[in-house]
Structures are given as structure tokens and as C-alpha cells.
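What follows is a short report on a single structure.
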Amino acid sequence: MLAERMKGLNPYIPGEQPKDRNYIKLNANENPYPPAPEVCEAIRNFIKEHPEKLGLYPDPDSYELHCQIAKMLNDCGGVLCRSSVKDGRCMPSQQDKIPFEVTPEMIYVGNGSDEVLSFVFYAFFDSDRPVITPTFSYSFYPVYCGFYDIPIKKIELKPDWSLDTEKMIEEAVKTDSGMIFANPNAPTGIALTREQVRQMLKKAPADKAFVVDEAYVDFGGESCIPLLAEFKNLIVVRTFSKSLCGAGLRSGYLVANPEVIQAITTVKNSLNHFPIDAITQIASAAACKASGYYAEKAMAIARERDSFSEFLKAHGWNVLPSKTNFVFAQKPEVDGQYAYKKIKQDGILVRIFSTPGIENYLRISIGTAEQMAALKKSMESL
């Protein structure tokens with residue numbers, strides 16, 4: 001009864017979502033803080049004042065949300081943790097200031113960044129040439145390649161776990177292919193600078209999609225949005241799930257030149273004309289308006305990340321330099337499964353991978369100070 005295409009699917013496996021115990025969840029790169037009070041208030045007011053709108057289709061273009069995302073990016077420069085906050089709104093650091101105005105026409109919003117990525121794969125990658133991606137990056141990229149029957153070419157990381165940008169470009173030029181990678185990368189947490197990405201773009205095929213997934217950039221990376229003025233093939237994918245405390249909302253977006261947005265919109269309208277529900281639009285727009293709150297939470301997470309990294313190093317762990325809301329660490333001569341199970345016994349979930357090469361590493365999301373104190377106590381005995 002199943003179609004032949006089903007046989008080749010290898011679905012993505014998310015972090016463990018327990019139902020039998022109240023664990024401290026540090027395994028899914030979720031934000032440990034609640035949304036801004038303004039977001040909860042906006043949802044309550046919408047339901048109270050306009051319950052009839054729940055029976056109507058939402059704005060298919062999410063135009064007000066596009067406007068608020070554009071304003072937020074212009075305000076913070078695309079990196080929340082380095083923004084300065086005044087009267088609840090952000091101002092960009094000199095390092096992050098975007099040298100042009102991001103407009104609503106440069107934004108596409110979807111049902112989480114995973115759906116946005118799906119549309120990117122469909123619109124810009126073909127079955128006649130591979131997608132270039134690192135060996136270790138977001139594990140949904142190979143899933144979409146299998147789903148859309150797109151070949152994939154994985155490039156090994158360097159010995160220090162950073163992206164081998166020269167080999168990635170060499171392969172892209174040789175096969176006349178597009179590429180995708182997370183920056184900062186996952187699960188390593190290591191980031192390329194904007195200038196490193198610029199040098200890649202200068203050498204990459206100019207008529208092929210060059211996709212930078214910035215799910216974690218708000219915690220200390222450098223956004224590539226400023227490069228959109230130079231490179232028409234650049235596509236920047238972002239999410240509300242991490243720095244904007246919105247994993248439960250399912251809201252993600254991309255920033256690109258208007259021609260790219262039009263292509264993605266065509267794909268969306270060929271599948272589902274209404275991907276973002278009314279409540280998510282209201283909540284996401286409210287989150288953008290409360291950017292100062294999220295900047296302060298991103299700063300807190302970055303500080304806790306750096307403190308926890310130093311704790312791990314002091315206890316003999318190898319810790320990769322992270323610009324994300326997680327750390328990737330391994331302790332010599334300690335089996336990864338043993339460490340994962342020992343921590344779980346203490347009521348805390350972290351992420352363990354079965355992929356060869358990283359099976360002894362733990363990916364640990366950064367929680368609140370109280371949650372991290374509990375984790376430190378558990379890990380001292382490892």
C-alpha cells in the first residue's frame with residue numbers, strides 16, 4: 001500500500017519529550033524562560049476581545065508580523081545578546097548594525113523554521129546536483145534531502161570541529177551546487193564570523209542558493225543579514241523557538257531579497273495558503289515589540305553558558321567554544337551513554353547522539369541559574 005518514496009525516508013528524531021516525570025529539560029535547546037508578559041497579554045486580549053476571529057481564516061500573508069520582524073531586526077541588528085536596551089527596546093551594537101533597512105518584503109514567516117527550511121529545499125535545490133553541507137550540522141537537512149529526493153554531499157569538519165569552508169566551496173564550485181549550514185553550527189556551537197561567510201559567498205556559485213541557518217545567532221554569533229546587500233543568492237533562516245522563547249508557538253522566518261521571498265511564497269501557496277495561525281501571528285508580533293525583554297534573557301543565557309563552560313573545563317571536560325544556548329562537551333574516558341543515564345537518574349535530561357564520531361559527547365542546553373546549579377551537582381561525580 002505504501003508508495004516507493006516512503007522506503008527511503010529517515011525521519012528526524014527530536015530530543016526526548018518525557019511524560020512520566022517532571023525532569024529539568026536541557027536536551028532540546030529550548031529557552032528556559034517564559035515569553036515576555038506582553039506576549040501572554042496579547043494572546044489573552046485577542047481571545048477575549050475577538051473570539052470570533054478564531055472561526056475565521058488568519059491573514060495568509062502575516063503582513064503585520066512581517067512588519068514587526070523587520071522592525072525588530074533593524075532595532076537590534078540581528079543579535080539580541082549584544083544589543084543595548086532602553087525603555088524596553090533594543091539598539092544594535094556597532095558590530096551588528098545593518099547598513100540598510102530591512103523591509104517587510106524581505107521577510108517570509110512559516111510554521112516554525114523547519115517548515116521554512118522545507119520550502120527552501122523545495123524551491124532552490126534540485127535532484128541533478130547535491131546540496132553541500134557539513135558532516136555535523138542540523139540533522140534535518142539530510143531528512144529534507146531524502147524527502148525531496150535531493151542528493152547530499154557532506155564535508156568533514158576540521159579537527160577543531162569548525163567548518164572546513166575551503167572544502168565546502170571547492171565542492172560547491174566543482175558540482176555547481178548550493179549549500180546550507182547552521183551558523184553558529186549545531187551540535188558543536190562553533191560560529192563563523194560574518195567576514196568568513198562573506199569570503200565563502202564571493203567564491204560560491206552566484207546563481208545557487210547559499211543558506212545560512214541562524215537559529216542560535218542571538219546568543220553571540222554574527223548575523224549575515226548585512227550581507228544581503230551584496231549577495232542576491234543569500235538566504236538567512238531564523239526562528240522564534242530559541243532566543244524568543246517561542247518553541248511552543250511554531251513560528252520561524254527567513255530574511256532574503258524580495259525575489260527569494262516571492263519564490264518561497266509561491267511554494268507555500270501551492271501547499272497551504274494559511275500556514276501561520278491567528279494566535280501565533282499575534283503572539284509573535286508581540287514578542288518582536290518586546291525585544292528588550294528577550295535581549296536581557298539572551299544575555300543571561302550567554303553568561304550562564306560561559307560560566308558553565310568554565311565549570312566543565314575545571315572538572316576535566318573537553319568543551320567546544322559555543323556561541324549558542326548550549327554547550328557540546330565530552331569527558332575523556334567517560335562513556336557518553338553512561339554520563340547521559342547518570343544525569344537522567346538525577347532528574348535532568350541532556351542530549352546524547354548515536355551518530356559515530358559524537359556518540360560520547362553531550363549537548364547540554366543552558367537553563368536558568370537554578371537549573372544549571374542542579375546539573376553541576378549531578379556532573380561533579382562523573
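The values are calculated or read from the model by the stated rules, or taken from the named source; none is laboratory data. Just so you know, these numbers come straight off a predicted model, no measurement behind them. Because the Cβ atoms are built from the backbone with ideal geometry, glycine has one as well, and the counts that use them run over all protein chains shown. To get the accessible areas, we keep the full protein, side chains included, count just its heavy atoms, and leave off ligands, DNA and RNA. Shrake-Rupley method; radii C 1.70, N 1.55, O 1.52, S 1.80 Å.
What the table shows:
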| quantity | calculated |
| --- | --- |
| Once exposed loop GluC sites (Glu not before Pro) are cut out (DSSP; at most 16 other Cβ, 10 Å), longest piece of the chain | 231-332 |
| The chain, relative contact order in percent, only Cα pairs under 8 angstrom and at least six apart counted | 24 |
| Most to least accessible of Asp346, Asp114 (protein chains only, probe 1.4 Å) | Asp346, Asp114 |
| Value of relative contact order over region 214-262, rounded to a whole percent, pairs C-alpha under 8 Å and six or more apart | 36 |
| Average Cα contact separation per residue, region 197-295, under 8 Å, 6 or more apart, as relative contact order % | 22 |
| Heavy-atom SASA rank of Trp317, Trp161 (probe 1.4 Å, accessible area, largest first) | Trp161, Trp317 |
| Nearby lysines by direct alpha-carbon distance to Lys323 (threshold 16 angstrom, same-chain neighbours under 8 apart not counted) | Lys242, Lys297 |
| Rounded to the nearest 10 Å², the accessible area of Leu9 at probe 1.4 Å | 60 |
| Three-way shape call for region 319-382 based on the alpha-carbon gyration tensor, with the a/c threshold at 1.5 | oblate |
| Carbon/sulfur fraction of accessible area - region 177-236, other protein chains in place, 1.4 Å, % | 51 |
| Euclidean distance of C-alpha centroids, region 25-91 and region 278-341, integer Å | 21 |
| For the chain, cysteines whose Cβ has no other cysteine Cβ within reach (under 4.7 Å) | Cys40, Cys67, Cys81, Cys145, Cys224, Cys245, Cys288 |
| Qualifying trypsin sites (Lys or Arg not before Pro) for region 79-128 [loop in DSSP, other Cβ within 10 Å: at most 14] | Lys97 |
| Cα-based shape type of the chain, given that a ≥ b ≥ c are square roots of the gyration tensor eigenvalues and the cut on a/c is 1.5 | rounded |
| Full-stretch length increase - Phe100, Ser270 - with 0.36 nm per residue and alpha-carbon distance subtracted | 58.0 nm |
| Region 115-264: C-alpha gyration tensor shape, a/c 1.5 cut-off, then a/b vs b/c | rounded |
